[in-house]
Structure formats: C-alpha cells, structure tokens
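The next block holds one structure in the form of structure tokens; read it before the comments.
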Amino acid sequence: MDELIYTLKQQIIEALNLEDMKPEDIDENASLFGEGLGLDSIDALELIVMMEKNYGIKLQDPTQGKEIFRSVAVMADFIAKNRKK
Amino acid sequence: MTGPILITGCGVISAIGNNKAETLDALLHNRSGVGELAYLKTEHKEFPVGEVKMNDEEMRKLLNISDDAITTRTALMGMIALDEALKEAEITSEMIPNIGFISGTTVGGMDMSEQFYLDYVNNDKHKEYIAVHDCGNCSEMTAEHFGKFAFITTLSTACSSAANAIILGANMLRCGEADIVVVGGSECITKFHLNGFNSLMILDTKPCRPFDATRAGLNLGEGAAYLVLETEESAKRRGVKAQAILSGYGNACDAFHQTASSPDGEGAFRAMKEALELAGIQKEAIDYINAHGTGTPNNDLSESQAVKRLFGEEVPPMSSTKPFTGHTTSASGSIEAVFCILALQHGFLPANLNWSQPMDDGIVPVHQIVKKELKHVLCNAFGFGGNDSSMLISRAGSDRHCWLDQQSPEQRPIYVLSAKQISVQQPLSEDWMTQPIEYQEPFNRSIDPSFKDYVSPIEARRMGKILKRAIATSKEAISASGLSSVDAIITGTGYGCIENTEIFLDALSKEGEQMLSPTYFMQSTHNTISSLVAIQTKNHGYNVTYAHKGISFDSALQDAVLQMRLGKIDSALVGGHDELTPTFYNILKKGGVMGRDDEMCGEAAVSVVLGSRPERKLCKLLGFTMLHQQSNASLKQNVSTFFTKINKKISEIDYVLTGISGNHESDMAYIEECRELFGDAKLLKYKHLFGESFTSSGMGIYVAAQCLKAGMIPTHLFVNPSDISNDKITRILVLNNSDLKDYSLTLLEK
C-alpha cells in the first residue's frame, strides 16, 4: 500500500501539474479538496482521467469522485480494490 | 441618435428548423430536434445531440455554393440564417457596404482543423483550410457570401458569444457608428466540442432536463441566428417595420471559476439587472424569461438563485428551450433571441420540455406551452469563464421607455493610463528603447519574467504561458494606472491558448476520443484569458473577448472607446494576447497566414489601461477608428472624415507608427498608403523588434504611448534613417493594416 500511495502522489502531481511539489509534500490523510491542497472540480475530472489511464478504472458519475478523492489514502484504497491494470 | 433600437429582421437555423417558419411550428408543437447523432463522425453515439438536419453538401446546394469552395459548417449555417435575416429586413446587396456584421463563435473552423490536423502538421494536403481555423475567417466567409460589409468583427465568449455580438451592435448604433448592423452567431457541433464537454462530464446520455431534479447535464446542439438591428430613423426612411425592439442588455462577469457558475449567480444577476436598468423597465413588467438553462446541475441552480435574487417571490414565467435544440453554444444567444421574438409576435411561452420534478432551491419552469400576450422578455446567455449576458426584448409597438430616447453621447476625453508588455523583448520593461534585442530567427518565443509574484503555484497549475503573461501584464498595468480596479476587461486574441488547443487536437487526432484532459479543452476557449484576468482581479464588470485575425486587439480597443463614449464605463483594461508554438508557427506559415518573406513572428502580451481621469497618464487618445475593405478613394475619404470628427488636421501628425514587418506585400502597402494619406509624416515601425502576432497591433499602442511619455523616439524605430531627428513629439498615429483590408487608426497625443 505504501508503494501505491507514493506512486499515486507522483501521478497526482503530474496529472494536475503541481509545479514545485514533491510526493513528500502531500499528506496522504489530508483532504485533497477545500482546506487541504485546495483542488477543485476540474482537478477531480483530471484525477478521473488519470485513474482510467493508469488503473483502468472508469467513473461514470463525477459526484462519485467526492468520496473517492477525499484523501490520497482513500484513493489508494479504492484503486487497490477496483484496479483493472 | 434617438428612438429605440429596432430588430427589423432575423433568421435562424437549428435542430428544430432551417428557418423561422419551421422553428415557430416546432416551438408551437413541442417538437424537439434533439436525437441520435446522425451527421457528425464520432464514436460517441451515446449522447443525444441537436443537429441541424442537413449535411454540408446539402447546405452548399441550398446556398448555391460550388463543391470545391472552401467553407466550414459554422459558416454554412451562418449563411443560411443571415440570408433569411437580410431578406426579412429587405436589405439589398447595394446596401451591404453600409452595414456592419458582428458574429460570435467559439471555435471557428474547428470542424476542418480536427479533420485535417495531422495533415497540417505532416504534409501539404488540405493546407488551403489552415486559415479557416480563425474565428474571424468564419465570420468573413459568412458575410462575404452576400457582399462587402462596412465592417466585420468576431466575439468569442464561449456560450454567450452571440449575445455579446448583439450588445456590441447595439452600442455601435447608440454611438452613431452605423444605422444598421447585423449581429448574432453560429457554431457547429465538432468532435472537439463534443469530446471537450464530455471530458468535463457535463453531457447527459438522455434528453436534457433543465431545472428538473434529475437533470444530469446538457445535450450539445448547433445552429446560427442573426438579427438586423436598425435605428428607428433608418427603418422609417426605408419603410421597413420592426419585428421587435431591443430595449436593454447587460453583460457582467461572474469572476468565480473557469467552467462553473457561482452558487449565488452573481454574474447572471448583474447582467439581468443591468438589462432592466438600461431599458428603464420595472422587473414586474417582465412577462417571460428565456433561461440559459443548460440542464447541468450547476448552471440551473446558479441561474435559479440569480433570478430569485432579482425577482424575489414573483419570478416571471421562465423556460429553457435547450430541450428543443440542445445547447447551441456560441449561437444560443441569438437563436434564443429569435425564439423570444417569435414568442412576442405570436403570444406564447415556449415549453421547458422534459421537465417533471422540481429541483431543490430551483425555479419551476413553464413546462407546457402557454398562450399569452407578451410585452417584455429577458433572454439569458451565459458562457464559460462567467461571461454572462442578458437581453431585454420587447414587442414591436410597445410603449417606448427605451434609453435610446436619451441624447447622443458626448465626446469624453480618453487617456492611456498605463501599458505593459511581455514579448520577445525584456518583459515588463521599456529596455527595448535603449537596448533592443535583435533576432535572426524567423520565429521567437517570449522572454518570461518569474510569474511567482503574480500567481501562486497552485493557481498556476492549469495555466499555459499565455494566461500567466496576461495576468502579469494586467496586474502590472492596473497597478501602474493608479486605479484600484477597472470598469471593464476587454481582450483581443487571435488564436487564444493555442498551446493547449494543440495538445487537445493532437490527443484527439492520435489517441482518439477517450480519456481527454478537461484542462486542455477549457483553456482552448478564447475567452479563458479575459475571464481568468477577471477571476484574478475579482472584477465583475463588462467582460468580452474578440477573436478576429489581425484586428482582434483593435476590436477590443474599439469596444472600450465606444463604451467610454457612452458613459457606461470610466476605465477599461484592454488586452492583446497571443502565444505561438513551433507546431502552429509551421502550420500558419504553411497556410500563408503568417511568417511570410522576412517577417519575424513572435508572441505578444499587451495590457493597456484606458481611463477618463488623466492623473497618471502616458498619453491622450484623441481618436480611434476601424475601416474595412476600402477602395483607395474611400480610404482617403474615410481617413479625412476621421480627422474632421476629432477636430485635427492630418498635417498635425508627427509620426505614423506602422506595422511594417518584413512581409513585402504588406510593407509596400503601408509605405504607399502612408505617402498617399499622410504626406510627409515620418514613418516608424515596431514589429522588427516585437515580431508579428495576431494582436501585435496592441504592441503598437504600447510603443507609441511609451514614446510619447518618454518624449523621444528611439532611432531604431525609424523606417527611413534619414528621418531621424530630435524634433519634438506631440502626436503619433498608430496605423494597423491586417490582411490588406482591415485598417485601424489610433491617434495618440502627448
């Protein structure tokens, strides 16, 4: 799981073009949206594309993202359970 | 000018009909045109769409256009609607040279660009289509099918483009710039748009249900509509009757998010309020609102809040006609304005089809057609980036409480308060005056400052270079102007965020229609720049974007000057922003669009603040005019009229700053025209330093203003070294000539 979390952080940084950020800067338990990293709805859509590209997981409803993208840890857990690649 | 603005003709084409009669019949019989995809070649068959029920060949046949002529679907639909509008207003081809044409579109000839993109990159096949990518090209194609209009320009504010074209047209009539203008918009469905909206996950796989609890997104549509706006005096003279009256209009910026509307609908609220105020009509008098009502959860909630804030408990009957046509994006403002005109003429409220359950906190729309006499209606059109507009349309012959009865606008002094640039010269500085950087390469990219002072890394995550440059120059210009904020943000851009457009097109062409990034799509709309500057500077004022070839900046400047003359605004941030990638440089060179002969192409970001208070000024703007498609004789006549109007003599110009760029044909034209028009005024140039780009004319204003402020002309700006002298500088005329047919003249004074 730790490895997945680290990889996921790298993929998030790349997908969202978070210049100057390193995986260590992201707390896997902190909120990605709102108070935490301060991401928004477009970032959520980018994360959906990222999950489909890297893990073969296709979300049909953007509101599902709200639950899944709560934190990197929650996201990693979801990916581990649902990944197709 | 006095009297109301009349709508003396209109034409429309959409999924529910190829003309007004078919459209009316569909509206009266609740017949939707949304259905299974039939014309666009795409793998996304799962989305219902509102296509115009003709393929390109059928449209060409209808219009009598030969098979080998270069056209785009957007232009073809535009011609069909324009034809109907001109006929209804009884406009003959002899009248066209005295009439303006203003169109709105978002992606211009994208139907061709997405089809031929890889050819553009790799070979010479289809290179004759390269130029049609430009939004302005589609407008010209549409207009020139009927003749040579007096002027043509193009607005690109995403889904409110056509509404803003109507607003510009009305402002031009009010300023006495024309007696008749034809205004509206056109947009076809493209793979680019369908996949872009899909990447934003706002397309519904079922027929859209605006304001319904179960609404799950929009259906994409297409179409075109044009209105003939005319002064009462002109209509009387011609003996034509009004179809309706444009009583008021408003434009405001939500300044909230690039694709989402604010929860309280601030931009929409302001736009509607302004339309009522301009018309001088009480809110109780509004009989119907044609909602923007796209069917996305976000839009309908936000629009409901805006309407409730404005109308309180007494919300007028309201419906969205998007279930009939799908969301016709850029054209929706004029298409739905025509629906409103039909509703006023035939006394009915169009139904909000597919509605069954009220949404939380939302309005309850008119869900069945209602027969009712109507007098005043509001028509909303909102765009990405929060470019929100609203029009107030009244039944012909209704009591006139229209603002046009007021006196003509007075001439107010206008000053250039500040001007900042980022380009191939040292950014945000005037070092080019003393230490110009010289380039040998035909294409060079901007020298960027550190953007950290202007945008935080988290804010910058989705911003291409053009956006960061626009924000940096805008913030610097506003700060240097001494104003705390500006009343309007008006931007010109030829190709917008072309870097992101390229990435999206490239992915679409190579990887197909799956897993596309929403970021690249949303940045590809031309109005991203202007709306992002509004978001960054928290500005809810008037906000529009012009995208029309080499006069994009000039059109923006014209708009600012018009509104200052009308007293609508006291200050404006006028931007000219274009970036260029190596790939698009090669494509545009191949298409003969730029990079000809010895021309150096660059990138340009210019932000200019205009204001009416001279405390901290660079120079005074004595006059501005744009001239289109002139014969030598009419050019001379019009230039002379321009100088008479501003009470100056041509001999009072010290210097003419020209767009001489290394393009032989265009340079020759500059030299000959200047000799003919301005006699022995000394010629200057700036494009050898800053490069050619679509909005480089903005750099001309910047250069002239800085020279006037400094009281000196650097020797490297002189076209003829023999002209170099230390003569005093009082006035510089900035002359822009785009495509050898569009001119702008800006006279600046120390």
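The table below gives the values:
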| read-out | value |
| --- | --- |
| From phi via Karplus (6.51, -1.76, 1.60), per-residue ³J(HN,Hα) for segment B:15-20 in Hz, x at Gly/Pro | 4, 9, x, 8, 7, 5 |
| Hits among lysines - C-alpha to C-alpha of B:LYS648 under 19 Å, sequence gap 8 or more where chains match | B:LYS620, B:LYS636, B:LYS682, B:LYS728, B:LYS750 |
| Between segment B:423-470 and segment B:319-338, the Cα center-to-center distance that results, in Å | 40 Å |
| Total charge dipole magnitude, segment B:5-398, about the Cα centre, Cβ charges on Lys, Arg, Asp, Glu only, Debye to nearest 20 | 680 debye |
| Segment B:60-93 versus segment A:1-79: alpha-carbon centroid distance in Å | 49 Å |
| Overall form of chain B per C-alpha gyration tensor (a/c, 1.5; a/b vs b/c) | prolate |
| Pairs from B:LYS41/B:LYS322; B:LYS420/B:LYS617; B:LYS45/B:LYS206; A:LYS53/A:LYS81 whose Cα-Cα separation, in the structure shown, is over 20 Å | B:LYS41/B:LYS322 |
| Full-extension gain in nm, B:LYS125 to B:LYS372, via 0.36 nm per residue minus C-alpha separation | 83.3 nm |
| Chain A: most fluctuating residue of A:MET50, A:MET21, A:MET75 per GNM, C-alpha cutoff 10 Å | A:MET21 |
| Calculated FRET efficiency for the pair A:LYS22/B:SER450, C-beta based, R₀ 22 Å, to 0.05 | 0.65 |
| GluC sites (Glu not before Pro), loop per DSSP, at most 13 other Cβ atoms within 10 Å - longest free stretch of chain B | B:95-312 |
| Assigned charges on the beta-carbon of Lys, Arg, Asp, Glu; the protein assembly as shown dipole about Cα centre (debye) | 1380 debye |
| Stretch gain in nm, segment B:LEU118-B:LYS510, where the contour uses 0.36 nm per residue and the Cα spacing is subtracted | 140.3 nm |
| Sequence-distant residues sharing a close amide H with B:TYR249 (under 5 Å, placed H) | B:LEU278, B:ALA279, B:LEU392 |
| Prolate/oblate/rounded call for segment B:642-750, Cα gyration tensor, a/c under 1.5 rounded | rounded |
| Label zone at B:LEU740, where the point sits 7 Å out along the Cα-to-Cβ direction: segment B:585-600 residues whose backbone N lies under 13 Å | none |
| Segment B:630-677: trypsin sites (Lys or Arg not before Pro) in DSSP coil with no more than 15 other Cβ atoms inside 10 Å | B:LYS649 |
| Which of B:ASN195, B:GLY385, B:SER450, positive extreme of dipole for the protein assembly as shown (C-beta unit charges) | B:GLY385 |
| Highest-fluctuation residue, A:ASP27, A:ASP43, A:ASP61 considered, GNM on chain A with Cα pairs under 10 Å | A:ASP61 |
| Dipole in debye (nearest 20) - chain B, about Cα centre, beta carbon charges: Lys, Arg +1; Asp, Glu -1 | 1380 debye |
| Segment B:LYS538-B:SER634, extension gain: residue separation times 0.36 nm, minus the distance between their alpha carbons | 30.2 nm |
| Estimated inter-spin distance, A:SER31 and A:LYS81, nm [label 7 Å along Cα→Cβ] | 2.2 nm |
| Chain B - share of DSSP beta bridges that are antiparallel (%, nearest 5) | 65 percent |
| Listed residues B:MET594, B:PRO614, B:PRO582: farthest to the positive end of the dipole of segment B:559-682 (Cβ charges) | B:PRO614 |
| Rounded tilt (10° steps) of B:110-122 against the dominant C-alpha axis of chain B | 50 degrees |
| Shape call, segment B:5-398: gyration tensor on alpha carbons, a/c limit 1.5 | oblate |
| At R0 = 25 Å, FRET efficiency that the Cβ-Cβ distance of B:ALA213 and B:ARG309 yields, to 0.05 | 0.70 |
| HN-Hα J in Hz across segment B:368-378 - Karplus 6.51, -1.76, 1.60, θ = phi - 60°, x for Gly and Pro | 10, 4, 10, 7, 6, 6, 10, 10, 10, 10, 9 |
| Span from the segment B:272-288 Cα centroid across to the segment B:200-240 one, whole angstrom | 20 Å |
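The numbers here are math on the coordinates, done by the rules we state, and not lab data. Note that the structure is predicted; figures quoted are calculated from it, not measured. Cβ sites come from the backbone with ideal geometry, for glycine too, and all protein chains shown count toward neighbours.
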